[in-house]
Amino acid sequence: MIHDEHKDIVSHTKEKMPPTDTLFELADFFKVFGDSTRIRIMCALFEQELNVCCIADIVGMEQSTVSHQLRVLRQENLVKVRREGKQSYYSLEDEHIQKIFEMGLEHILE
């Protein structure tokens, strides 16, 4: 039960919060960052677009594992793919992805 003195605070805070559906989407978005393999793949893509072979070599994993994780990253709109003949090249969807990573890293290193 809310005391009368707190009603304004509670009401104001509720108004400022995003809709529940949006918060669920945000939680799902951050779940993708909860996997160290996906974090390593995204980190590799900070420098330039890469194909699966290069990414697999950089992160020291099998191509099939990298391909699976790239599929997850694409589904969450974190990476995009560009096809050139039979090759597929992956890059970050936009600069926000690297900023989110850098903010998290900065927090961890404090």
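Checked against the criterion of being within 18 Å of Gln98 (Cα to Cα), touching a residue at least 40 places away in the same chain (Cβ under 8 Å) and touching a Gly at 6+ places or on another chain (Cβ under 9 Å), the candidates Phe33, Phe46, Phe29 yield just one match: Phe33. Entry remark, the range 89-110: residues being in contact (Cβ under 8 Å) with a residue 12 or more places away in the chain and either in a loop (DSSP other than H, G, I, E, B) or under 13 Å from the mean Cα position of the chain (by Cα) (or both) number 8 in total. Pairs linking a residue in the range 74-88 that is without any contact (Cβ under 8 Å) to a residue 60 or more places away in the chain to a residue that is β-branched (Val, Ile, Thr) and surrounded by 10 or more Cβ atoms within 10 Å (Cβ to Cβ), with Cβ atoms under 7 Å and 6 or more positions apart or on different chains, are Arg74/Val81; Glu76/Val32; Leu78/Val32; Leu78/Ile97; Ser88/Val52; Ser88/Val81. Evaluation of Asp8 against the conditions (1) modelled with pLDDT under 95; (2) in contact with a strand residue (DSSP E or B) (Cβ under 6 Å, 6 or more places away or on another chain); (3) among the acidic types (Asp, Glu) shows that the sole unmet condition is (2). The sole residue among Ile55, Ile2 that is more than 19 Å from Leu105 (Cα to Cα), in contact with a helix residue (DSSP H, G or I) (Cβ under 6 Å, 6 or more places away or on another chain), modelled with pLDDT under 90 and of a type outside the set (Phe, Trp, Tyr) is Ile2.
The values are calculated or read from the model by the stated rules, or taken from the named source; none is laboratory data. Because the structure is a prediction, the values reported are computed rather than measured. Neighbour counts are summed over all protein chains in view; Cβ atoms, including those assigned to glycine, are modelled from backbone coordinates with ideal geometry.
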